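The values are calculated or read from the model by the stated rules, or taken from the named source; none is laboratory data. Treat the numbers as computed from the prediction; the structure is a model and nothing was measured. Positions of Cβ are backbone-derived with ideal geometry, glycine not excepted, and every protein chain shown enters the neighbour counts.
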């Protein structure tokens, strides 16, 4: 019976998406500038309850708001919250405690499940079971500042329709429990731009569509998908890229790395190419009357600083040019700020990285906190 009701709801949400309005403007404004909290509730260094609750200090949270971030995307590993009997009550309390602490500092919170062992293409029940348990827990949170995201980076290779059908059903499930919350949706193919472009939007006015962007991965992740390369040579790659500028700067005696460098240099990634990519996303959003979010982007701290900061700056500008909010990956990850785990009491936010994001360095503790910090956390 539950599956039948979910299917009926999903079908009702799949009608006439072009006729739908967007989420409330104040929620979209909150989703303009964000950062991913990658390891608070995902691959934590310890499962000790007190340590989990205290992973990030109130001062560190407030510094994020002072620096200009409006929201965080909280990576949640379902295995941390769930066991064979369902949602653990103590972990449900932990999740709510984390959300409320972040929101007391004036931050919006995206709750994004990052499973480590799901195989949804063959067994989609894990996703529906997760939200069946977690969505009711979020019912008491502020719908203006709490954003359930259906799933981080669904794969579903060459099957956008299959993922679209599952996502619509889960969105209907979440909506039944959270009628006023804004839901984050995404395309398949790891939530990529191509996945977004292949996605059919649903006819729910209170949703935002997310994409992730790390292109070219040979630059941003030093081709981590291909072990055994000369990563020191890849880390010397420049941005902008062109064959004349980047090939000599990334000289290497490894033939495989040299061939890959020639290949990626020939693609000539520069700000124009980044703007062209985000123009596709912007056009999709406009044609579907859909709000968009760049849920993840980042570049490894092993990349030379000039190229790294230039790429981050240009991606951020390209997204903003299309009216797309963004979230850096991540706060406690080497693709972003690289804050160690567990973070110190008051981590230093790299000022050069903040400038690349168009933000200011966090002020001292005796400077006034932005007004949003003093908002109450309830609806």
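Condition check ((1) surrounded by 22 or more Cβ atoms within 10 Å (Cβ to Cβ); (2) within 22 Å of residue 200 (Cα to Cα); (3) touching a residue at least 12 places away in the same chain (Cβ under 8 Å)) across all residues:
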| site | (1), (2), (3) |
| --- | --- |
| 122 | no, yes, no |
| 126 | no, no, yes |
| 144 | no, no, yes |
| 158 | no, yes, no |
| 163 | yes, yes, yes |
| 168 | yes, yes, yes |
| 181 | yes, yes, yes |
| 184 | yes, yes, yes |
| 187 | yes, yes, yes |
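Of the helices (runs of 4 or more DSSP H) lying entirely inside segment 121-209, those containing at least 3 residues that are closer than 21 Å to residue 108 by Cα and in contact with a helix residue (DSSP H, G or I) (Cβ under 9 Å, 6 or more places away or on another chain) span 125-137, 160-177.
Take the conditions in contact (Cβ under 8 Å) with a residue 40 or more places away in the chain, over 18 Å from residue 77 (Cβ atoms), in contact with a strand residue (DSSP E or B) (Cβ under 7 Å, 6 or more places away or on another chain) and not in a helix (DSSP H, G or I) and apply them to residue 212. Does it pass? Write out each step before concluding.
Numbers: in contact (Cβ under 8 Å) with a residue 40 or more places away in the chain: yes; over 18 Å from residue 77 (Cβ atoms): no; in contact with a strand residue (DSSP E or B) (Cβ under 7 Å, 6 or more places away or on another chain): yes; not in a helix (DSSP H, G or I): yes.
When the stated conditions are applied, residue 212 does not pass them.
Inspect segment 90-113 for any residue being in contact (Cβ under 8 Å) with a residue 24 or more places away in the chain, in a loop (DSSP other than H, G, I, E, B) and within 29 Å of residue 187 (Cβ to Cβ) and give the result as yes or no. Yes, the conditions are met somewhere in segment 90-113. Kindly indicate whether residue 222 is in contact with a helix residue (DSSP H, G or I) (Cβ under 9 Å, 6 or more places away or on another chain) and assigned to a loop (DSSP other than H, G, I, E, B). Against the criterion (in contact with a helix residue (DSSP H, G or I) (Cβ under 9 Å, 6 or more places away or on another chain) and assigned to a loop (DSSP other than H, G, I, E, B)), residue 222 qualifies.
Among 136, 113, which is the only one that is closer than 21 Å to residue 196 by Cα and either modelled with pLDDT of 95 or more or surrounded by 23 or more Cβ atoms within 10 Å (Cβ to Cβ) (or both)? Spell out how you get there, then give the answer.
On the way: 136 fails: closer than 21 Å to residue 196 by Cα.
Just one listed residue meets the conditions, 113.
Looking at segment 24-59, which of its residues are out of contact with any strand residue (DSSP E or B) (no Cβ under 9 Å at 6 or more places or on another chain), part of a helix (DSSP H, G or I) and either without any contact (Cβ under 8 Å) to a residue 60 or more places away in the chain or under 24 Å from residue 151 (Cα atoms) (or both)? Correct list: 25, 26, 49, 50, 53, 58. All of (1) at pLDDT 95 or above; (2) in contact with a helix residue (DSSP H, G or I) (Cβ under 7 Å, 6 or more places away or on another chain); (3) assigned to a helix (DSSP H, G or I) hold for residue 262 with one exception: (1). Considering 326, 311, the condition of being in a strand (DSSP E or B), buried (at least 18 other Cβ atoms within 10 Å of the Cβ) and within 19 Å of the chain's Cα centre (by Cα) is satisfied by 326 alone. Only a single item in (1) in contact with a helix residue (DSSP H, G or I) (Cβ under 8 Å, 6 or more places away or on another chain); (2) on the phi < 0 side of the Ramachandran plot is not met by residue 272, and it is number (1).
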